[in-house]
Ligand SMILES: Cc1cc2nc3c(=O)[nH]c(=O)nc-3n(C[C@H](O)[C@H](O)[C@H](O)COP(=O)(O)OP(=O)(O)OC[C@H]3O[C@@H](n4cnc5c(N)ncnc54)[C@H](O)[C@@H]3O)c2cc1C
């Protein structure tokens, strides 16, 4: 039997699930179709930092989205726990940005200036003070920046929590069902063909992460060649991660050194990451990845080099040619919410708000930088 819905969401990572939750909370009839299990791709693999690693390298437009999303995360985490029993553990653990080199000193100055200009707290610490806060840090550090307001979430729980909350409000969450193509009628997208049959909807939302571009390109009709604009040509960027097992409390702050980070969970586990690799749709863990992350752990916190590795994995960040997300109308009936690259955990709540505004016909935001039809400068 053909199913119909107000909104059909293609892909059940954190972005699709957060959009489903927000639309269902507003009373819309939602169907979400995921080819595997909810939240088992990039959204599972991530570290859960609710901050860009180097904010001053991003355009202001994206930082505004970050700030809006960060403000949404706290109340949402509580709502998800109350409604579903799933605790995504949003914790303001703060972050210590370790200074190891002359270049780090310059980055630290930029970060302090940037933080202060944006009204956020940043405190320069001596090496001794940093090591008093976190005794695991290497003796060789020159100092650190303390960013006390930064937070993290237990990201692997987040997409399932959003999906469960959406389902409680009537959304249909269809797992283990691949989307095969879009249905077009009179110049509009009116749904999608799935392994379980066609599903029609007034609005279809493309939220298939790194696979979004490929899904559009295989839409399978005469419109296909015109409907995959450059900003939707998503590509995968592999990130490998290492999970260490330690006693709770050995590390309390997130630690960032150069591009590498440690993220302590409440149960004592510590995430160490990550690689940034252009290797196509390949989720392998490699010996080079193990070596690179292992070396970073030993450099940041030498005592952790003896901690057992509980698990390693890799995920595929959905990148776009200009590294900005694509959120907005692609053509009548088709919205995109994809390409969140390194910030999809952070940006999921605000993406839900934006998609809701667009579905409801509300305007007022400047979404130009994220327009799926924008002219992209490859950077
Ligand atoms: C190692 C690593 C560390 C990261 N750290 C952070 C961090 O600290 N903070 C942060 O904000 N972000 C981080 N990210 C980025 C973040 O994980 C992503 O931006 C985010 O998860 C993207 O969410 P998504 O829902 O778009 O994609 P995904 O989670 O990949 O979900 C897309 C879904 O679409 C489904 N799908 C694809 N094709 C089809 C089809 N044909 N039919 C049906 N379903 C389909 C897939 O199965 C998948 O479940 C990290 C990523 C990695 C890999």
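Taking 30 Å as R0, compute the FRET efficiency from the Cβ-Cβ separation of residue 118 and residue 298 and round it to 0.05.
Computed FRET efficiency for residue 118 and residue 298 comes out at 0.35.
In degrees, nearest 10, range 0 to 90: what is the angle between the Cα axis of helix 60-84 and the longest Cα principal axis of the chain?
80
Return one number: the angle in degrees, 0 to 90 and rounded to the nearest 10, between the long axis of the Cα atoms of helix 102-117 and the longest principal axis of the Cα atoms of the chain.
60
For a quick check: sort 58, 261 by the number of other beta carbons within 10 angstrom, fewest at the front.
In order of increasing Cβ crowding within 10 Å: 58, 261.
Can you list the residues of the stretch 232-250 with backbone N under 20 Å from a point 7 Å past the Cα of residue 288, pointing along Cα to Cβ?
Label zone hits: 235-242.
Given the chain, what percent of its DSSP beta bridges are antiparallel, to the nearest 5?
Close to 70 percent.
How big is the gap, in Å, between the Cα center of the stretch 125-161 and the Cα center of the stretch 54-83?
For the stretch 125-161 versus the stretch 54-83, the Cα centre distance is 19 Å.
For a quick protection proxy, order the peptides 300-310, 144-154, 3-13 by their average other-Cβ count within 10 Å, most packed first.
3-13, 144-154, 300-310
For the chain, what is the mean residue ellipticity at 222 nm derived from helices alone (per DSSP H run of n ≥ 4: -39500 (n - 2.57); sum divided by total residues; nearest 500 deg cm²/dmol)?
Taking each H run of at least 4 residues, the total per residue is -9500 deg cm²/dmol.
Taking 7 Å along the Cα-to-C-beta vector as the label spot, tell me the residue 129-residue 103 distance in nanometres, rounded to one decimal.
Result: 2.6 nm between the two label points.
What ranking do 162, 70, 370 get, fewest neighbouring Cβ atoms within 10 angstrom at the top?
Sorted ascending by nearby Cβ count, the order is 70, 370, 162.
For residue 169 and residue 139, compute 0.36 nm times the residue count separating them, minus their Cα-Cα distance, and round to one decimal in nm.
Fully extending the segment from residue 169 to residue 139 adds 5.6 nm.
Size of the chain along its principal axes in angstrom, Cα-based, largest extent first?
Extents along the principal axes, in whole Å: 68, 39, 37.
Taking the 0 to 90 degree range and rounding to the nearest ten, how far is the long axis of helix 344-359 tilted relative to the main principal axis of the chain, both from C-alpha atoms?
30
Work out how much length residue 193 to residue 281 would gain on full extension: take 0.36 nm times their residue separation and subtract the Cα-Cα distance, in nm to one decimal.
Stretched out fully, the residue 193 to residue 281 stretch lengthens by 29.3 nm.
Calculate the FRET efficiency for residue 57 and residue 363 from the Cβ-Cβ distance with a Förster distance of 22 Å, rounded to the nearest 0.05.
0.15
Which peptide among 330-342, 349-361, 231-243 comes first, and what is the full order, when sorted by highest mean count of other Cβ atoms within 10 Å?
Ranked by mean Cβ neighbours within 10 Å, highest first: 330-342, 231-243, 349-361.
Be a star and scan the stretch 4-21 for residues whose amide nitrogen sits under 18 Å from the point 7 Å along the Cα-to-Cβ vector of residue 178.
Flagged as within label range: 10-13.
List 345, 141, 86 from most exposed to least, where exposure is judged by having the fewest other Cβ atoms within 10 Å.
Ascending Cβ contact count within 10 Å gives the list 86, 141, 345.
GNM, the chain, Cα, under 10 Å: largest mean-square fluctuation among 127, 247, 158?
Evaluated over the chain, the most mobile residue of the options is 247.
Here, each number is a calculation from the coordinates, and none is a lab measurement. Since this is a predicted model, take the numbers as computed values, not measurements. Counting neighbours? That spans all protein chains shown, and the Cβs are built from the backbone with ideal geometry, glycine included.
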